[in-house]
Amino acid sequence: DIKGVRYYPRVDANIQTGGVLFPSDLGPEKPTQELLGWNDLYMKRSFLLDNPLDYKLCAYYAQFTWLYDCFDELSYFRAQGESDSGKSAIVLRVGYVCYRLTKSSGVGTAAAFKHMQHMYRGSMFFDEVRDDLDEFDDRVVMLNIGAMKEQAFVPMMTAFKNPDGSTEFEVINFNVY
């Protein structure tokens, strides 16, 4: 409930299986600094980092995802490290306090990523994506253009059947910002 109006999320299989996470409640309004403090504390309790400033970076990034539409360009949050160093766990835990966490894996298709980003407009979590992808791989291109509000449109061809049995095609632009 926001100012007397009740809003309901679209509940589908992605939400029911935990692939997309919406906030459970708004809670009382808090000042930005207090929210950053809570997020910083959550990060410190959730994982261990060498540099204390990295917790603040995680907290600020999570806060940024709630305001992303106020900016013309986005930065991405990425974890790099040796195998079994906890990269996925760290990014997932940061994702839990990001805006509309949308989980995916390296085996998903670019078309599915584009559709989910367009539908949920959330923070996409990519896990186990190879570093050596070709620069023209659809997923890489989607990430490159998805960081810029004015360019974040991907045309997709859709087909549908008419009542007479004929097939028509339509191009739809998906917003991946």
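The values are calculated or read from the model by the stated rules, or taken from the named source; none is laboratory data. Since this is a predicted model, take the numbers as computed values, not measurements. Note that each Cβ is placed from the backbone with ideal geometry, even for glycine, and that neighbours are counted across all protein chains shown. Just so you know, the surface numbers come from the protein's heavy atoms only, side chains and all, with ligands and any DNA or RNA stripped out. Shrake-Rupley method; radii C 1.70, N 1.55, O 1.52, S 1.80 Å.
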Pairs with Cβ under 9 Å, 6+ apart, first in the range 32-46 and touching a residue at least 40 places away in the same chain (Cβ under 8 Å), second assigned to a helix (DSSP H, G or I) and of a type in the set (S, T, N, Q): Asn39/Gln63
Positions within the range 18-45 being more than 12 Å from Val94 (Cβ to Cβ), part of a helix (DSSP H, G or I) and open to solvent by less than 60 Å² (accessible area, probe 1.4 Å), in sequence order: Leu36, Gly37
Pick from the range 114-165, criterion among the β-branched types (Val, Ile, Thr) and touching a Gly at 6+ places or on another chain (Cβ under 9 Å), ranking: farthest from Thr102 (Cα to Cα): Val154
Selection count, the range 3-17, where residues are more than 23 Å from Ser88 (Cα to Cα), open to solvent by 80 Å² or more (accessible area, probe 1.4 Å) and β-branched (Val, Ile, Thr): 1
Residue match in the range 64-74 (condition: surrounded by 15 or more Cβ atoms within 10 Å (Cβ to Cβ), part of a loop (DSSP other than H, G, I, E, B) and at pLDDT 90 or above): yes
Single match in Leu48, Leu57 (criterion: open to solvent by 90 Å² or more (accessible area, probe 1.4 Å), aliphatic (A, V, I, L, M) and in a loop (DSSP other than H, G, I, E, B)): Leu48
Flag if Arg93 is under 26 Å from His118 (Cα atoms) and among the basic types (Lys, Arg): yes
Unmet criterion (only one of (1) touching a helix residue (DSSP H, G or I) at 6+ places or on another chain (Cβ under 6 Å); (2) among the polar types (S, T, N, Q); (3) closer than 30 Å to Leu26 by Cα) for Ser88: (1)
Strands (runs of 3 or more DSSP E) (entirely within the range 80-177) containing at least 1 residues that are of a type in the set (Val, Ile, Thr) and either under 14 Å from the mean Cα position of the chain (by Cα) or surrounded by 18 or more Cβ atoms within 10 Å (Cβ to Cβ) (or both): 101-105, 153-161
